[in-house]
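A quick write-up on the structure given underneath.
Readers should treat all values here as calculations from the given coordinates under stated rules, not as data from a laboratory. Computed from a prediction, not measured in an experiment: that's the story for all the values here. Note that each Cβ is placed from the backbone with ideal geometry, even for glycine, and that neighbours are counted across all protein chains shown.
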Amino acid sequence: MDIEIRDKTNADAFCSIFQHVRLFSDHINITFNETQLYVQSMDSSHIVIFEIHLPKTWFDVYTRKEGSGDTTIGISADIFSKVLHTRDKTQHIRLEFSTEISDKLTVHFTGNDEITTLDKHFSLPLMDIESEMLSIPDFDSDVSITMPSANLASIINQLQIFGDTIEFHCSKEKIQMTSDSSVVGKMEVDIVNSSQTSYTVKDDVAMKVSFALYRMRDICSNSKLTKDVEIVLTDCYPIRVTYNVGNGGKMVFYLAPKIDDSR
């Protein structure tokens, strides 16, 4: 297996994606198949599932041994993040792996014309990680929101001042995000259609769904990954947050709702 990213925007996105993965999982399996690089993992509290989809066309080089089937490697998310952090912003990324040669992933940062920045090469040990691939069903959305990712991250940080839970109140008349504490007070944020933000709501929708703010904060740590973020809400289903990184690439989060005991 040999893949390479020469495009600076894609290389930056690749680093950003995998540097934030460690917020959710200590170890991850990366699968290389005929069509894409794919990751699916779950956080330690089992309330977040995240997926990474990077199609083969997203890479400048994507070479696999013919007829080899899917190739899955397990690595430490923390070590991989630290390695990616050493890359100079103008360097290309190359990943190599061969079961016949080694049980290690080789990472190369090359292609910088600056004399002061040197090529770097890493050899990372692989791990056997037992994980069951979950089948996530498609579901119709009751509410769909597209807004600047930086705005969402800022709102989530502010809501955390007032509690540990974010509530979405959704109807045809309004969409509102709230956080409430008997000690600190309450914050309400109205989502409105504008030149930067858009939303759609099914005609008969009237719902209130709640999620853990600390996990929403971690999800929003990817705000620099893309200009906009897509949010999908459906009653009694996880919230889906999607960062589209261009050319079919995306990072998707599913956060389970909090249980309302009053129902």
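Values computed for the structure shown
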item	result
Sequence of MET216, MET207, MET133 once ranked by neighbouring C-beta atoms within 10 Å, starting from the fewest	MET133, MET207, MET216
Cα gyration tensor shape for the chain, rounded if a/c is under 1.5, else prolate or oblate	prolate
Charged-residue dipole, Cβ positions (Lys, Arg, Asp, Glu), the chain about Cα centre, Debye nearest 20	600
Cα gyration tensor shape of the range 2-125, rounded if a/c is under 1.5, else prolate or oblate by comparing a/b with b/c	oblate
Global geometry of the range 143-255, whether rounded, prolate or oblate, following the gyration tensor of its Cα atoms and the 1.5 cut on a/c	oblate
Inter-label distance, nm, simple model (7 Å from Cα along the C-beta direction), ILE259/ASN247	4.5
Extension reserve of the GLU130-ILE47 stretch, reckoned as 0.36 nm per residue once the Cα distance is removed	28.0 nm
Spatial separation of Cα centroids for the range 107-169 and the range 49-87, in angstrom	15
